[in-house]
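A short write-up of the structure that comes next.
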Amino acid sequence: MSTYPTVLSILLTLSNIAAAAELATVRGKTVMVVQAHPDDAESRCAGTVALLKKNGNKIVYVVCRMKTLAASCASCVKALALPL
């Protein structure tokens with residue numbers, strides 16, 4: 001049995017812990033969250049955005065979408081006050 005997957009998993013975990021520690025020191029910045037759909041940030045990086053906001057950073061969301069896609073998600077667009 002190979003130990004490679006286990007070692008790789010441990011190294012990835014340690015690198016993620018180090019990255020999270022660095023992220024916790026980011027304060028007083030403006031952070032831009034770029035997403036394809038209005039709900040992508042909640043399903044992909046909500047914890048990261050919450051940590052950054054908690055540390056006093058300004059969060060700016062940029063939603064890249066086509067008008068035809070936005071019409072199918074009108075409630076999301078309305079909630080974010082984006083023009084159709």
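Among the residues of region 1-25 satisfying the criterion of being in a loop (DSSP other than H, G, I, E, B) and at pLDDT 70 or above, which is surrounded by the most Cβ atoms within 10 Å (Cβ to Cβ)?
Step by step, filter region 1-25, then rank; the result is A24.
Among the residues of region 26-58, which ones are part of a loop (DSSP other than H, G, I, E, B), touching a residue at least 24 places away in the same chain (Cβ under 8 Å) and not charged (D, E, K, R)?
Answer for region 26-58, where residues must be part of a loop (DSSP other than H, G, I, E, B), touching a residue at least 24 places away in the same chain (Cβ under 8 Å) and not charged (D, E, K, R): V26, G28, A36, H37, P38, N55, G56, N57.
The values are calculated or read from the model by the stated rules, or taken from the named source; none is laboratory data. Bear in mind that the values here come from a model prediction, so they are computed numbers and not experimental data. Cβ sites come from the backbone with ideal geometry, for glycine too, and all protein chains shown count toward neighbours.
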